[in-house]
Amino acid sequence: MKRLYLFLVFALTLGASLAQAQNVQLHYDFGRRLYPGKQPERPNLTTTVEMFRPDSWGNTFFFVDMNYRSEGVTMAYWEVARDIKLWKAPVALHLEYNGGLSNSFSFGNAYLAGLNYIYNNRDFSGGFTLAAMYKHLARQARPHSYQLTGVWYRHFAGGLLSFSGFADLWGDRHYVTGRNITVFLAEPQLWLNLNKLPGVSPKFNLSIGTEVELSTNFSVLDETIINPTLGLKWTF
């Protein structure tokens, strides 16, 4: 799981209720079963906590992922981002930090800065953002890099279904060889929002769905990997 900005522009543009800006997700990961020899350490479960808060000067977003195996929590990872927007143009200054640790190593700190373009359609049933950033890989012999990030959302079937997610493309260094690599990571999600079903309370904010992690050159895997999940999400 990673950041999803599920309510990014919708909340910022409409001044929407902050009650729609936080969620907790629980995902059961099928990656170990699909690639038993390549991903033996894939987590059984992952929880994700996301928070988005707009204000007069832009917005702040963060998420925290925690991976679980039978022995307990084995990894924690977080990202925090700040968009600064003091003008009417649909472009914001974007600042971001990425980092985390596992029970055997720490992730290298990454600091990002760039511009974020924001778009919503007229009825706010869909939209996207596109960020182009400089990326500083701390404590690397070659720390200067880049990252492109696209985020999208689309609500359809009267809000019963939501399709959202992100895609990242960035330059990094191979964990083993140290050579320059290009990493691609995308995590599209599809959710069935139960509070849109007939007879269900609109306050019952539980969604059932799936996430599919698509990655190339991610972590120590020098190939394209597809990891689906089965997920639950509660939106506050």
Practice task
Specify which residue in the list 163, 63, 117 is farthest towards the positive end of the charge dipole of the chain, using unit charges on the beta carbon of Lys, Arg (+1) and Asp, Glu (-1), about the Cα centre.
Solution key: 117
Fill in the blank from the handout: Note: the chain, point scatterers on Cα, Debye, no solvent; log10 I/I(0) at q = 0.13 Å⁻¹ equals -0.82
Fill in the blank from the handout: Excluding ligands, DNA and RNA, the carbon-plus-sulfur percentage of the accessible area of the range 18-97 with a 1.4 Å probe reads 66
Problem - Reachable lysines, given that their alpha-carbon falls under 23 Å from the alpha-carbon of residue 85 and they are not under 8 places away in the same chain - result: 135
Problem - Value at 222 nm in deg cm²/dmol, rounded to 500, when DSSP H runs of n ≥ 4 in the chain each add -39,500 (n - 2.57) - result: -1000 deg cm²/dmol
Problem - Alpha-carbon centroid distance for the pair the range 133-198 / the range 212-233, whole angstrom - result: 11
Exercise for the section: Return the ratio Rg/(2.2 N^0.38 Å) for the range 56-128, where Rg is computed over Cα atoms only. Expected result: 1.47
Problem - At q = 0.11, 0.20 Å⁻¹, base-10 log of I(q)/I(0) for the range 110-226 (Debye sum, equal scatterers on each alpha carbon) - result: -0.51, -1.08
Problem - Accessible surface, the chain, averaged per residue in Å² (probe 1.4 Å) - result: 50
Handout entry: Choice from 161, 34, 192 with maximal GNM fluctuation in the chain (Cα, 10 Å cutoff)
Key = 34
Problem - Of all accessible heavy-atom area on the range 143-230, the percent that carbon and sulfur account for (1.4 Å) - result: 69
Exercise for the section: Treating cross-link reach as a plain straight distance, find the lysines whose alpha-carbon is under 24 Å from the alpha-carbon of residue 38, omitting any fewer than eight places away in the same chain. Expected result: 2
Exercise for the section: Work out which trypsin sites (Lys or Arg not before Pro) in the chain are exposed loop sites (DSSP not H, G, I, E or B, at most 12 other Cβ within 10 Å) and give the longest gap free of them. Expected result: 1-87
Practice task
Loop only per DSSP, at most 14 neighbouring Cβ atoms within 10 Å: give me the chymotrypsin sites (Phe, Trp or Tyr not before Pro) in the range 34-80, ordered by residue number.
Solution key: 57
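The values are calculated or read from the model by the stated rules, or taken from the named source; none is laboratory data. Every value quoted in this text rests on a predicted model; they were computed, and no experiment measured them. Please note: Cβ atoms are built from the backbone with ideal geometry, for glycine as well, and neighbour counts cover all protein chains shown. Side chains included, ligands, DNA and RNA excluded: accessible areas come from the protein's heavy atoms. Shrake-Rupley method; radii C 1.70, N 1.55, O 1.52, S 1.80 Å.
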